[in-house]
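Notes follow once the structure below has been shown.
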Amino acid sequence: MSGLDQLYQQIILDHSKRPHGVGLEEGEETSHQLNTTCGDEVTLALRRDDAGRVVEVGWTGQGCSISQASASMLAALLEEEPTGMADDELTSLIEEFRTVLRSRGTLELDEERFGDAAALGGASRYVARVKCAMLPWVAAEDLVQRHAARG
């Protein structure tokens, strides 16, 4: 295992042990996603400011360290945005994340853009792990689509 792979593995373990954004508030609109292959579950809420920009992620879940770390990394990524993130920006981020994870290791996530979540790019080499890493991102995508449908 290369030094970079070891670092990425450590980042994933750190996020799964000390996650960001854990917790849901009563009444929040949530998206529950289940990975039927392995049983991982994530329930996620996007918290918005008065302008409708996503400023925070709240979530609960259970499963492997990759799915739990992925939810934590998504929460941390959105928390780092000082003015929040518009739905179109978040959709673009999700689409890029999905493209890289489906690349089977031929593409990498940009660390500048994805922060710690760039460590999840290695999951693309393991087909069974792609769904684990994607789970919270699919939940976020579902919530963005529902928000857009309400107009």
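A compact table of results
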{"read-out": "Gain upon complete extension [E28, E89; 0.36 nm per residue less C-alpha separation]", "value": "19.8 nm"}
{"read-out": "Sites R18 and R125 - FRET efficiency at Förster radius 30 Å, r taken between beta-carbons, to 0.05", "value": "0.70"}
{"read-out": "Among E79, E112, E141, residue whose mean-square fluctuation peaks in a GNM of the chain (springs only between Cα atoms under 10 Å)", "value": "E112"}
{"read-out": "In order through the stretch 52-59: 3J(HN,Hα) via Karplus (6.51 cos²θ - 1.76 cosθ + 1.60), integer Hz, x for Gly, Pro", "value": "x, 7, 6, 10, 7, 10, x, 7"}
{"read-out": "Calculated P(r) over Cα pairs in 10 Å bins from 0, in percent (choose from (i) 12, 41, 35, 11, 1; (ii) 10, 33, 34, 18, 5, 1; (iii) 12, 45, 35, 8, 1), label", "value": "(iii)"}
{"read-out": "Neighbourhood charge, 13 Å Cβ-Cβ cut-off, centred on E95 and excluding it, Lys, Arg +1 and Asp, Glu -1", "value": "-2"}
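Values in this text are rule-based calculations from the coordinates and carry no lab data. Not measured: the values here are computed from a predicted model. So basically every Cβ, Gly included, is an ideal-geometry build from the backbone, and we count neighbours across all protein chains shown.
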